[in-house]
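Nothing in this text is a laboratory measurement; each read-out follows from the coordinates by a stated rule. Given the structure is predicted, the values throughout are model-derived calculations rather than measurements. Positions of Cβ are backbone-derived with ideal geometry, glycine not excepted, and every protein chain shown enters the neighbour counts.
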Amino acid sequence: MTACKDDPKITISKTNVSLEVGESITIDYTIDPVDTKIDWSTDNPAMVSVSDGKVTV
């Protein structure tokens, strides 16, 4: 038998931001459980890069 793990819960600091070309922002977040791995990605890598929560246009 194995125990089922609850889905992780994530809260982010901002849900909507506007950036100009060349600008970046780091997304602040909390996650529970704290050891949950986050895979950062973008649907449009030609326009936006994202790495460890840092988003750059």
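Brief remarks follow.
- The set of residues from region 24-35 being within 13 Å of the chain's Cα centre (by Cα) and part of a loop (DSSP other than H, G, I, E, B) comprises ILE27, ASP28.
Conditions tested, residue by residue: (1) of a type in the set (S, T, N, Q); (2) surrounded by 10 or more Cβ atoms within 10 Å (Cβ to Cβ); (3) in a loop (DSSP other than H, G, I, E, B).
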{"position": "ASP6", "(1), (2), (3)": "no, no, yes"}
{"position": "ILE10", "(1), (2), (3)": "no, yes, no"}
{"position": "THR15", "(1), (2), (3)": "yes, no, yes"}
{"position": "GLY22", "(1), (2), (3)": "no, no, yes"}
{"position": "LYS37", "(1), (2), (3)": "no, no, yes"}
{"position": "THR42", "(1), (2), (3)": "yes, yes, yes"}
{"position": "PRO45", "(1), (2), (3)": "no, no, yes"}
